[in-house]
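The values are calculated or read from the model by the stated rules, or taken from the named source; none is laboratory data. Treat the numbers as computed from the prediction; the structure is a model and nothing was measured. In this analysis, Cβ positions are derived from the backbone assuming ideal geometry, glycine residues included, and neighbour counts consider all displayed protein chains.
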Amino acid sequence: MAGNGRHTKAATDSGHDAIACDWSRALCERNEGNVVQSDARRLPFCDDSFDAALYIAGLHGIPDEVGRQQSLAEVHRVLRRGGKLLVTVWSRAAARFGAIPAGEDDIVVPWRRDGHDGPRTYHLYTPASLQSCLEEAGFVVEACIDGAIDGPSPDNVVAYAHR
């Protein structure tokens, strides 16, 4: 999902045609260029529409397993054969989640930002669990690793896959 638009801007600045897509109207209004407000479980694009997709910090925010799998199936549907996918999700190995008992992978986090004030459910992934979900959706996973995106220690799982 497009989030604050920094990834879409980087893509267009590099000469690519890009479409920003997010469920949040406020975040869509922050994005420039081609912007679509949409639910990730029902993407409003034709089959085989894109050469690549970035799914940054969005999948883990879908509150149920069925919805997360629907979302990955939708990304698979809109990518062309051989299309590339980069996914980042919150990592179960992140230090901030160390006190959460093993097996409790769905957590509730208070969220106060951009006019939203309330609890949000997040799913915590391991590289193996994300890889399994991607493969179930039909992707070929090239790499799936714990990575440090916001600090010195692993906080996200990063996956590279293709259709």
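Only one of 80, 96, 120 is among the basic types (Lys, Arg) and within 20 Å of residue 47 (Cα to Cα); which? Give the steps one after another, and end with the answer.
Values: 96 fails: within 20 Å of residue 47 (Cα to Cα); 120 fails: within 20 Å of residue 47 (Cα to Cα).
When all the criteria are applied, what remains is 80.
Checking residue 97 against (1) surrounded by 14 or more Cβ atoms within 10 Å (Cβ to Cβ); (2) in contact with a helix residue (DSSP H, G or I) (Cβ under 9 Å, 6 or more places away or on another chain); (3) at pLDDT below 95, only one condition comes out false. Which one?
(2)
For the stretch 58-84, name all the residues that are in a loop (DSSP other than H, G, I, E, B) and surrounded by 16 or more Cβ atoms within 10 Å (Cβ to Cβ).
58, 62, listed by residue number.
With the checklist (1) modelled with pLDDT of 95 or more; (2) in contact with a strand residue (DSSP E or B) (Cβ under 6 Å, 6 or more places away or on another chain); (3) under 17 Å from residue 60 (Cβ atoms) in hand, flag the one item residue 156 doesn't pass.
That leaves (1) as the condition not met.
Among the numbered criteria (1) surrounded by fewer than 19 Cβ atoms within 10 Å (Cβ to Cβ); (2) within 16 Å of the chain's Cα centre (by Cα); (3) modelled with pLDDT of 85 or more, which single criterion is violated by residue 90?
(1)
Out of everything in the stretch 123-153 that is assigned to a strand (DSSP E or B) and either among the hydrophobic types (A, V, I, L, M, F, W, C) or surrounded by fewer than 19 Cβ atoms within 10 Å (Cβ to Cβ) (or both), what residue ends up being modelled with the lowest pLDDT?
So the residue we want is 147.
Using the structure shown, decide if residue 141 is in the same structural domain as residue 47 (by TED's automatic domain parsing) and touching a helix residue (DSSP H, G or I) at 6+ places or on another chain (Cβ under 6 Å). Quick ask: steps written out before the conclusion?
Values: in the same structural domain as residue 47 (by TED's automatic domain parsing): yes; touching a helix residue (DSSP H, G or I) at 6+ places or on another chain (Cβ under 6 Å): yes.
Criteria met by residue 141.
I'd like the full set of residues that are modelled with pLDDT under 75, among the charged types (D, E, K, R) and touching a strand residue (DSSP E or B) at 6+ places or on another chain (Cβ under 7 Å), limited to the stretch 23-66.
25
When you go through 53, 93 one by one, which is the residue that is touching a Gly at 6+ places or on another chain (Cβ under 8 Å) and either without any contact (Cβ under 8 Å) to a residue 40 or more places away in the chain or more than 30 Å from residue 14 (Cα to Cα) (or both)?
53
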